[in-house]
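First up is the structure itself, then whatever we jot down about it.
The values are calculated or read from the model by the stated rules, or taken from the named source; none is laboratory data. Please read all numbers here as calculations on a predicted model, not as lab measurements. Note that we place each Cβ from the backbone using ideal geometry, even for glycine, and neighbour counts take in every protein chain shown.
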Amino acid sequence: MLTERADRLWTDEEPLTFFGVELGRIMTVVELSSGGLFVQSPAELTPDLQRALEELGDVRFVAPASKLHGHLYMEQYRAAFPGVELLAAPGLAARRLDLQFDGLLGDTPDPRWSADIDQVAVDGHRWLTEIAYYHRQSGTVILGDVGFHIGPSSPPKTRLVARLLRIYRRISPPIEFRLTIANEDTFRRSIRDVLAWEFDRLIPGHGEIVETGGKQAVADGFDWIL
Ligand SMILES: [Fe+2]
C-alpha cells in the first residue's frame with residue numbers, strides 16, 4: 001500500500017517474482033501543484049489501492065518508465081479514473097495496441113507537470129529508451145530498469161542473481177543491458193543529465209529505495225560509464 005516518502009510523494013512497493021527471483025517493483029505517486037496525481041509505473045489497481053489514490057486526489061497522468069517497465073496495468077487506470085491521460089514511453093504504443101495513449105514521453109516535460117516533475121530520456125541503448133523522472137520539491141529521482149538496486153534484505157537467491165547481473169548494492173541496469181549499449185557517449189550524456197539534478201532520494205524500478213545519498217549512489221552505480 002502507499003507509503004508517504006515526503007510531502008506530495010508516495011510509493012507503493014509490491015512483490016514481483018521473475019523466473020523465480022524475487023525482485024519487487026515500485027510505483028511512485030506525485031501530487032502536482034495543480035492538485036492532480038502523477039502516477040509512475042502503476043501497480044495493479046486493487047480496490048484498496050484505488051480507494052487510497054482517490055483519497056489523495058484526482059489521478060491525472062499515468063506514466064511508465066519504458067516500453068518494458070510500468071505499463072502492465074495502465075488499462076485498469078483508464079477504466080477506473082475517467083479523464084486520466086495515459087502516457088507512452090518510446091516504443092510503447094507499438095507494444096500496447098490495445099491502449100489509446102494521450103501523449104508521448106520524451107526529453108521535455110509537459111507544462112502541466114513540468115513545475116513539479118522534470119524528465120530525461122535515457123538514450124543510447126540498442127532497443128530501450130527509459131524515461132527518468134525528477135520530483136523537484138522532494139529532491140527525488142525515479143528510475144525503472146536502468147536503475148535496479150538489490151540490497152541485503154533480499155532473499156539469498158535474489159542476492160546471488162543480483163551479484164551475477166552486477167546490480168547487488170549498486171544502482172545500475174543489469175549487465176546484459178550494459179553490454180548492449182549502442183552509443184556509449186549518448187548513454188553517458190543521459191546519466192550526466194540525471195546527475196545534474198539536485199536530489200538525495202533515489203527510487204529504483206526494482207529493489208531498495210535510497211532515502212539519502214542517492215546522488216552519490218547513482219554516481220557510484222554508473223562508474224562503469226562515467
Ligand atoms: Fe522492470
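Screening segment 115-214 for helices (runs of 4 or more DSSP H) wholly inside it with 2 or more residues that are more than 15 Å from the ligand (Cβ to nearest atom) and touching a Phe, Trp or Tyr at 6+ places or on another chain (Cβ under 9 Å) returns the ranges 156-164, 184-195. Filtering segment 10-33 to residues that are closer than 19 Å to Val84 by Cβ and touching a strand residue (DSSP E or B) at 6+ places or on another chain (Cβ under 8 Å) leaves Trp10, Asp12, Met27, Thr28, Val29, Val30, Glu31, Leu32.
When Pro174 is tested against the conditions (1) touching a residue at least 60 places away in the same chain (Cβ under 8 Å); (2) surrounded by 14 or more Cβ atoms within 10 Å (Cβ to Cβ), the lone failure is (1).
Residues being under 17 Å from Ala217 (Cβ atoms) and hydrophobic (A, V, I, L, M, F, W, C) are entirely absent from segment 97-116. Consider Gly35 carefully, then state whether it is in contact with a Gly (Cβ under 8 Å, 6 or more places away or on another chain) and over 24 Å from Gly124 (Cα atoms). Yes, satisfied.
Would you confirm, using the coordinates I've provided, whether Val218 is within 19 Å of the chain's Cα centre (by Cα), surrounded by 14 or more Cβ atoms within 10 Å (Cβ to Cβ), not in a loop (DSSP other than H, G, I, E, B) and not charged (D, E, K, R)? Judged against the criteria, Val218 is a match.
Considering only residues in segment 40-63 that are under 15 Å from Glu14 (Cβ atoms) and within 16 Å of the ligand (Cβ to nearest atom), the one that is surrounded by the fewest Cβ atoms within 10 Å (Cβ to Cβ) turns out to be Glu44. Exactly one residue among Glu4, Glu13, Glu85 is within 16 Å of the ligand (Cβ to nearest atom) and of a type in the set (Asp, Glu), and that residue is Glu13. Checked against the criteria, Val210 does not count as at pLDDT 95 or above, surrounded by 19 or more Cβ atoms within 10 Å (Cβ to Cβ) and closer than 22 Å to Asp107 by Cα. When we screen Leu105, Leu97, Leu128 for residues that are aliphatic (A, V, I, L, M) and farther than 22 Å from Ser190 by Cβ, the only hit is Leu97.
In a residue-by-residue description of segment 167-181, the property of being of a type in the set (Asp, Glu) and out of contact with any Pro (no Cβ under 9 Å at 6 or more places or on another chain) applies to at least one position. Of all residues in segment 68-82, those being within 20 Å of Ile117 (Cα to Cα) and either more than 16 Å from the ligand (Cβ to nearest atom) or in contact with a Gly (Cβ under 7 Å, 6 or more places away or on another chain) (or both) number 2. Being within 19 Å of Trp113 (Cα to Cα) and at pLDDT 95 or above is the requirement here; does Asp58 meet it? In short, yes.
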